Amino acid sequence: MNHQGSFIDLRLNHQDRQGNESFWPSFTDIMTVIMMIFLISIVVVLLRNMELVREIRATMEAERQAMELARSTGVEKETLASQLSAALEQLQAGDARINELQLQVLRLQEQNAVRAQAVTDRDRQLKTLLEERNVLTRQATQLARDIQTANESATAARDKETLSRRRLADLQQQYQQLKEQLDRQSLQIAVLKSKLQNQEEQLTENRRERQTVEEKYLLLADQYDTLKVRYDKLVRPARSTKGRHLVEVRYFKKQGKPHIEWRDGNSGAFQAVSRGQLDKALAALKQQYADGLYIKVILPENSGLSYSEAWKFTNDLHKKYDYYFQETTN
């Protein structure tokens, strides 16, 4: 054993092999150490036994000599007896030492078995750690790739952010320009609204004046018709349905559009027609009845017609198809 309490390595080239061995010795090395300890123990025991044999022989020789000397003197006998007792005690101590060495060998074997199991467990843990290291290495490689991809994405995102900021600055500038234009246009719109309001007021006033003119025109037309009727009464017979073919025409506006209905005679239901269909039917009736037609124009209340529209429609039908106005025209 060395000064550190471990056994001396008796193997050849042990210094060259120490750099290649792991922390724990291999099972072969442990068994070699155990065998060396066992052999050394046997050699020690044999040497001790040889010494004891020599001592026993010496003791026996001493006893023989002592017996020979005992005859002469009892003091030498007692000395030899004490030496024999000491030798026996040494022999017993050697046996005890041998037993102790055997116990140490057994304990070393148990310790070597425990260490061998520990080495096996350590190898298993080492294998597991190597597998985990490989997994961690692969994960680290993948993580490095992910980090590189993330860095590239971050760079692209920063570029996009820079571009977006530039676009935002341009948009803000355009927004400011549009806002200024909108303010100017709002001011222009306000001015135009004011002008439009003035024009609407003027247009309303013009409509009122036009309505007044139309009313005056219709009033004059009524007066003219009245004078004409009076004149006709003086000159010719009054307008009458007697001997004439009666046609009733109703004229009004429906949903803001002109609507015409007519019927032949004064019985039956009115039929909706267009102005072209009405002109065609009245022209045919005018040719059919030689005595002439009596056109009765009906303007319902709330017809939605202006005075000029009603007058124009009535006067046009009378001049084209009514017998009374035909004779006047002729």
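Structure notes:
- If you go through region 39-64 and keep only what is touching a residue at least 12 places away in the same chain (Cβ under 8 Å) and not aliphatic (A, V, I, L, M), you end up with S41, R48, N49, E55, T59, E63.
- Region 235-258: number of residues that are of a type in the set (S, T, Y) and in a loop (DSSP other than H, G, I, E, B): 2
- Counting only residues that are surrounded by 11 or more Cβ atoms within 10 Å (Cβ to Cβ) and modelled with pLDDT of 70 or more, region 207-216 holds 5 of them.
- Residue ID - surrounded by the most Cβ atoms within 10 Å (Cβ to Cβ), chosen from residues in region 291-311 that are under 16 Å from R244 (Cβ atoms) and modelled with pLDDT of 90 or more: I295
- Of the residues Q277, Q288, Q326, the single one that is more than 60 Å from the chain's Cα centre (by Cα), open to solvent by 50 Å² or more (accessible area, probe 1.4 Å), over 22 Å from Q255 (Cβ atoms) and among the polar types (S, T, N, Q) is Q288.
- If you go through region 79-135 and pick out every residue that is within 60 Å of the chain's Cα centre (by Cα), touching a residue at least 12 places away in the same chain (Cβ under 8 Å) and open to solvent by less than 90 Å² (accessible area, probe 1.4 Å), you end up with 3.
- Scanning region 279-318 for residues that are closer than 17 Å to I260 by Cβ, of a type in the set (K, R) and part of a helix (DSSP H, G or I) gives K280, K312.
- Restricting region 65-78 to residues that are open to solvent by less than 60 Å² (accessible area, probe 1.4 Å) and of a type in the set (A, V, I, L, M, F, W, C), the residue that is modelled with the highest pLDDT: A66
The values are calculated or read from the model by the stated rules, or taken from the named source; none is laboratory data. Values in this document were obtained by computation on a predicted structure and should not be read as measured data. Glycine gets a Cβ as well: all are built from the backbone with ideal geometry, and neighbour counts include every protein chain shown. These area figures cover heavy atoms from the full protein model, side chains too; ligands, DNA and RNA do not enter into them. Shrake-Rupley method; radii C 1.70, N 1.55, O 1.52, S 1.80 Å.
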